[in-house]
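A.B. asks: Below are the C-alpha cells for one structure; questions will follow.
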Amino acid sequence: MMLRRGFILFLPRLVGLLVVACCSVSIVYMLACTPKGDNQQLAFPRVHSPTVKEGYEAILQEREEQHRNYIISLKKQIAQLKAELQGRSEQLKNMQDQYPDPLDNRLDHSNTEKAQANLLAFLRSQVDKAEVHSGVKLSTEYAAVPFESFTLQKVYQLETGLTRHPEEKPVRKDKRDELIEVIELAVGSLNNPEGEGNAKHHVYTASDFVEGIYRTEKDKGTLYELTFKGDTKHQFKKIVLFRPFGPVMKVKNENVNMADTLINVIVPLAKRASKFRQFMQNFREMGIQQDGRIHLTVVYFGKEQMNEVKSILENTSKSANFKNFTFIQLNEEFSRGKGLDIGARFWKGNNVVLFFCDVDIYFTAEFLNSCRLNTQPGKKVFYPVLFSQYNPSIIYGHHDSIPSLEQQLIIKKETGFWRDFGFGMTCQYRSDFINIGGFDLDIKGWGGEDVHLYRKYLHSNLIVIRTPVRGLFHLWHEKQCLDELTPEQYKMCMQSKAMNEASHGQLGMLVFKQEIETHLHRQKLSSKKT
C-alpha cells in the first residue's frame, strides 16, 4: 500500500520531467537544423577545381542524410516516451479501481456497506460451491467426504486411528463448543420461525434434539444437518446449517413428516434358517412393534431349508398380525446383487424407500427413521457405516458366560469397529435405484456388487450421505470363503474375515498367548522361592 501511494505522488513529477525532456529535444532539434553563420563557413572546394559542382552536391547530400537520420531518431524517442506515459497512466487507473484508498473508505460509509455486502455474497457463494443443494460427480468411492454423527452426549466418528474411539464424548474444547453452538443456533431458529408473526408454536429445547450429522469440506466449510422431534410421533423438524469458515448460516428450515413413509426391507437369502430366525426376532420387535411402517421382501435361492424359512415367516405373520411381506423363490445359484435387484423391481406400489439388508444385520427403530430422513427421491441416497461386532467368544472369553445379544451391542473399541469398507447396507428410493441402472447382474456370489452400485451413485448428481450410525450392527458369524470365488472376491472375503475376529490388542493376546503363560509361570515360581 505504501509503494502504491509513493507511485501516486511520483506520477506528477514524472509527467513534468517528460514535458521538460520533450522541450529539450525540440530546442536541440532547432539548434541542429539552424544554418551556420559567417564564422562557420563550410570548407568548400576551390573555385577553380574541376569537380566544384560535384563537391558541393556531395557535401549537401551528406548533410541532408545526417539531418534526416537525426530527425528520425528524435521522433522514435518521443513516441517511446508517449507510449510509456500512457502505459503508466493505465496502470495507475487499474490499481485505483482494484484497490481503493482505505482512507476514502473510512470517510465514505457507503463503501463499508459495500464491503459487508461483498463479504455476505462471498459466504453465500461458499454455500453454493459446497455439496449442499446438489451432489458433485466424484471419480472413486474414496473421494466422498463422509459425515460424522452426534447426539447431545456422544460423537460417532470414522477417523479413530489407535487412540480415538468410535463412540466418545467430544474431548477437544473446540469440537465440543462447535456442536453446542450449532444445536443452540438450531433451537433458536426453531423458536423464532420466519413469517409466523405472533402465532403460538411449540417451544423447542436441546432435549428435543434427536441426532445430527456433519462434515467439513476443507476449502468451503462445514455442513450440519440436525433433526429435532416434531409435534407428533412421526413428525420431525430438520435444520440445515453451514459454516463457511465464519459465522454459521441457516440454509434450510423444513418440516419433515415421515408418518406415511414406508420402508421395504429386502433380504437375499440361501439356507441359514437359524440366522433368519434371529433376524425375524429383531424385525418383529423393531420393525413391526416399534416402527410399524415397514414391508419385508425375502428373495430365497434354492430349495434347501426353504420350508423352514417360510414357516418362520408365516409364524411371525400370524403372531404379530403382520401381512406386509413378500416371499420370492429362485431356483438358481445365490447372487446377492441379483436377489436385491429382483426384490426392488418386484415392488408394484408407490415410490418406496428400499433398505438393502443382510440376514446377519441388527437394526433399531431409530435407524429406520435415519433411513427415511437421509433419503430423498432424485436428491439423496443413504450409505450408513454400520458397527461390526467382534467374535463374542474372544471378547468375553474371560467371562463366566457370554452376555445376551442386546447387551453385546455396545459401541466400544474392544467390542467392534466401524465397517467403513462395506457398502452393502444402503437406503434409497426405488425410483433412484431404477434410474441409476440397478446392480450389475454379471457379478456372482459374495462381494463386489455393492461397491459397483455405490460408485454409480458417486458418479451421479445425487448427494451420497455416508455416516456412521449408532443403530445398525453387523452380528459376528464365522465366515466361509469358498473356492469358487474369483481371486479378487476371495481376497476381499479373507480381509473381511480377519477384520471380524477381534481388536489388535485382543488378537495380540492370542498370538502371544504362550509367551504370556510362560511369563506368568515364571512369576509364580519366583514368588514361591521368596
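The values are calculated or read from the model by the stated rules, or taken from the named source; none is laboratory data. On a predicted model such as this, the values are computed, not experimentally measured, just so you know. FYI the Cβ positions are ideal-geometry reconstructions off the backbone, even for glycines, and counts take in every protein chain you see. For the accessible areas, the whole protein counts, side chains as well, though only heavy atoms, and no ligand, DNA or RNA atoms are used. Shrake-Rupley method; radii C 1.70, N 1.55, O 1.52, S 1.80 Å.
A.B. asks: Among the numbered criteria (1) touching a strand residue (DSSP E or B) at 6+ places or on another chain (Cβ under 9 Å); (2) open to solvent by 60 Å² or more (accessible area, probe 1.4 Å); (3) at pLDDT below 75, which one does P100 miss?
C.D. replies: All conditions pass for P100, except number (1).
A.B. asks: Residue check: is M286 open to solvent by 10 Å² or more (accessible area, probe 1.4 Å), in contact with a Ser or Thr (Cβ under 6 Å, 6 or more places away or on another chain) and not polar (S, T, N, Q)?
C.D. replies: On the way: open to solvent by 10 Å² or more (accessible area, probe 1.4 Å): yes; in contact with a Ser or Thr (Cβ under 6 Å, 6 or more places away or on another chain): yes; not polar (S, T, N, Q): yes.
So M286 passes the test.
A.B. asks: So is G397 at positive phi and either free of Cβ contacts under 8 Å to residues at least 40 places away in the same chain or in contact with an Asp or Glu (Cβ under 8 Å, 6 or more places away or on another chain) (or both) or not? If you could, list the steps in order and put the result at the bottom.
C.D. replies: Numbers: at positive phi: no; either free of Cβ contacts under 8 Å to residues at least 40 places away in the same chain or in contact with an Asp or Glu (Cβ under 8 Å, 6 or more places away or on another chain) (or both): yes.
When the stated conditions are applied, G397 does not pass them.
A.B. asks: Can you name the condition, by its number, that V451 falls short on among (1) more than 19 Å from D358 (Cβ to Cβ); (2) open to solvent by 20 Å² or more (accessible area, probe 1.4 Å); (3) of a type in the set (V, I, T)?
C.D. replies: Of everything listed in (1) more than 19 Å from D358 (Cβ to Cβ); (2) open to solvent by 20 Å² or more (accessible area, probe 1.4 Å); (3) of a type in the set (V, I, T), V451 misses just condition (1).
A.B. asks: Sticking with this structure for a sec: So V248 ticks every box in (1) under 21 Å from the mean Cα position of the chain (by Cα); (2) farther than 21 Å from D208 by Cα but one. Which box is left unticked?
C.D. replies: (2)
A.B. asks: On to the next question. Output the residue which, of all residues in segment 212-249 that are open to solvent by 30 Å² or more (accessible area, probe 1.4 Å) and not in a loop (DSSP other than H, G, I, E, B), is farthest from E159 (Cα to Cα).
C.D. replies: Q235
A.B. asks: Look at I465 and say whether it is β-branched (V, I, T), modelled with pLDDT of 85 or more and in a strand (DSSP E or B). Walk me through it before giving the result.
C.D. replies: Numbers: β-branched (V, I, T): yes; modelled with pLDDT of 85 or more: yes; in a strand (DSSP E or B): yes.
Answer is yes for this residue.
A.B. asks: When you scan segment 490-519, how many residues do you find that are surrounded by 10 or more Cβ atoms within 10 Å (Cβ to Cβ) and modelled with pLDDT of 85 or more?
C.D. replies: Total satisfying the criteria: 5.
A.B. asks: Scan segment 470-481 for residues that are open to solvent by 50 Å² or more (accessible area, probe 1.4 Å), under 29 Å from F147 (Cβ atoms) and part of a loop (DSSP other than H, G, I, E, B) and jot them down.
C.D. replies: Narrowing segment 470-481 to residues open to solvent by 50 Å² or more (accessible area, probe 1.4 Å): 470, 476, 478, 480.
With under 29 Å from F147 (Cβ atoms) added as a condition, the list becomes 470, 476.
Correct list: W476 only.
A.B. asks: Next question, about the same structure. How many residues does segment 250-261 hold that are of a type in the set (K, R) and either in contact with a Ser or Thr (Cβ under 8 Å, 6 or more places away or on another chain) or not in a strand (DSSP E or B) (or both)?
C.D. replies: At the first step, the residues of segment 250-261 found to be of a type in the set (K, R) are 250, 252.
Of the ones still in play, those that are also either in contact with a Ser or Thr (Cβ under 8 Å, 6 or more places away or on another chain) or not in a strand (DSSP E or B) (or both) are 250.
Within segment 250-261, residues that are of a type in the set (K, R) and either in contact with a Ser or Thr (Cβ under 8 Å, 6 or more places away or on another chain) or not in a strand (DSSP E or B) (or both) number 1.
A.B. asks: Related question: Quick one: which residue in L354, L368, L386, L409 is surrounded by 14 or more Cβ atoms within 10 Å (Cβ to Cβ), under 21 Å from D291 (Cβ atoms) and in contact with an Asp or Glu (Cβ under 6 Å, 6 or more places away or on another chain)? Steps first, please.
C.D. replies: Details: L354 fails: in contact with an Asp or Glu (Cβ under 6 Å, 6 or more places away or on another chain); L386 fails: in contact with an Asp or Glu (Cβ under 6 Å, 6 or more places away or on another chain); L409 fails: in contact with an Asp or Glu (Cβ under 6 Å, 6 or more places away or on another chain).
Sole residue among the options that is surrounded by 14 or more Cβ atoms within 10 Å (Cβ to Cβ), under 21 Å from D291 (Cβ atoms) and in contact with an Asp or Glu (Cβ under 6 Å, 6 or more places away or on another chain): L368.
A.B. asks: So which of L81, L85, L74, L120 ends up being surrounded by 12 or more Cβ atoms within 10 Å (Cβ to Cβ), modelled with pLDDT of 60 or more and under 30 Å from K220 (Cα atoms)?
C.D. replies: L120
A.B. asks: Of (1) assigned to a helix (DSSP H, G or I); (2) open to solvent by less than 40 Å² (accessible area, probe 1.4 Å), G438 satisfies all except one. Which?
C.D. replies: The single condition G438 does not satisfy is (1).
A.B. asks: Restricting to segment 482-515, give me the number of residues that are closer than 19 Å to S335 by Cβ and part of a loop (DSSP other than H, G, I, E, B).
C.D. replies: Counting residues in segment 482-515 that are closer than 19 Å to S335 by Cβ and part of a loop (DSSP other than H, G, I, E, B) gives 5.
A.B. asks: Based on what the data block shows, is L475 farther than 26 Å from Q408 by Cβ, within 36 Å of the chain's Cα centre (by Cα) and either acidic (D, E) or modelled with pLDDT of 85 or more (or both)? Lay out the reasoning, then the answer.
C.D. replies: On the way: farther than 26 Å from Q408 by Cβ: no; within 36 Å of the chain's Cα centre (by Cα): yes; either acidic (D, E) or modelled with pLDDT of 85 or more (or both): yes.
No, not satisfied.
A.B. asks: Of (1) in contact with a Ser or Thr (Cβ under 7 Å, 6 or more places away or on another chain); (2) buried (at least 18 other Cβ atoms within 10 Å of the Cβ); (3) of a type in the set (V, I, T), T426 satisfies all except one. Which?
C.D. replies: Going through (1) in contact with a Ser or Thr (Cβ under 7 Å, 6 or more places away or on another chain); (2) buried (at least 18 other Cβ atoms within 10 Å of the Cβ); (3) of a type in the set (V, I, T) one by one, T426 breaks only (1).
A.B. asks: Quick check: is even one residue across segment 166-174 surrounded by 17 or more Cβ atoms within 10 Å (Cβ to Cβ), without any contact (Cβ under 8 Å) to a residue 24 or more places away in the chain and assigned to a loop (DSSP other than H, G, I, E, B)? Walk me through how you get there before you give the answer.
C.D. replies: Step one: list which residues in segment 166-174 are surrounded by 17 or more Cβ atoms within 10 Å (Cβ to Cβ), which gives 166-167, 170.
Next, only the ones that are without any contact (Cβ under 8 Å) to a residue 24 or more places away in the chain stay: 170.
So of that shortlist, the ones also assigned to a loop (DSSP other than H, G, I, E, B) come out as 170.
Checking segment 166-174: at least one residue is surrounded by 17 or more Cβ atoms within 10 Å (Cβ to Cβ), without any contact (Cβ under 8 Å) to a residue 24 or more places away in the chain and assigned to a loop (DSSP other than H, G, I, E, B).
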